[in-house]
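The values are calculated or read from the model by the stated rules, or taken from the named source; none is laboratory data. From a predicted model like this one, the values you see are computed outputs, not experimental measurements. Virtual Cβ from ideal backbone geometry, glycine too; neighbours counted across all protein chains shown.
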Amino acid sequence: MGNLGNAYQTVNDFTRALDCHIRALELDRQLGDKQSEGIDLGNLGITYRKMGLLDKAVECCRRDLIIAREVNDRRGQAQALGNLGICYTDQKQFEEALHCHEAALNLFREIGDQFGEANLYSNLAETYRMMGDETLARQYETMATSLNSRSPFGQSESALQSRNPAPAHRI
């Protein structure tokens, strides 16, 4: 159900995406699958963000982070923090965004996830760009490009390293 929601999200059918993600969340709660519940909340957060409903997106991302911590899913924690940082950037809450991105970056480094690390550099670049600091934005973009160029798979590696087979997270 979550993957179907991601597919609808990809074609900008957010009403259907929301419906699928909500149904997936309800099902995973009934099954007691906490890790999947967190993933569902993350997917809901991303969908709400794309719909411009940033307060709902932030709430879902926070709940995703709480669950990822409860189940000791470090990649999930990093993804939730990165998504939360993106939401905060959209809300122009730059200090919160930087805090989330830096925490996510540290987690990705600790687990050796270079793809996640490269995405976080891109997120930091976007945050600094929105803050008006083009110099730092370019530095982080260069770091992201450099790290991606070292991978034999480049950006396609995300599907292999994601918590969710359909890469819904923009980290």
Quick one: would you say Glu59 is free of Cβ contacts under 8 Å to residues at least 24 places away in the same chain and either in contact with a His (Cβ under 8 Å, 6 or more places away or on another chain) or within 22 Å of Asp33 (Cβ to Cβ) (or both)? yes
Any residue that is farther than 22 Å from Cys60 by Cα, of a type in the set (Asp, Glu) and part of a helix (DSSP H, G or I) - is there at least one of those in segment 118-139? yes
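Table: residues versus (1) part of a helix (DSSP H, G or I); (2) modelled with pLDDT of 95 or more.
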| position | (1), (2) |
| --- | --- |
| Leu4 | yes, no |
| Leu18 | yes, no |
| Gln30 | yes, yes |
| Gln35 | yes, no |
| Tyr48 | yes, yes |
| Cys61 | yes, yes |
| Asp64 | yes, yes |
| Asn72 | no, yes |
With criteria (1) modelled with pLDDT of 95 or more; (2) under 23 Å from Asp40 (Cβ atoms); (3) touching a helix residue (DSSP H, G or I) at 6+ places or on another chain (Cβ under 7 Å), Ala125 comes up short on (2)
Taking the residues in segment 26-44 that are surrounded by fewer than 23 Cβ atoms within 10 Å (Cβ to Cβ) and hydrophobic (A, V, I, L, M, F, W, C) as candidates, determine which candidate is nearest to Ala7 (Cα to Cα). Leu27
Just one of Asp33, Asp19, Asp28 is more than 23 Å from Tyr88 (Cβ to Cβ) and free of Cβ contacts under 8 Å to residues at least 12 places away in the same chain; which is it? Asp33
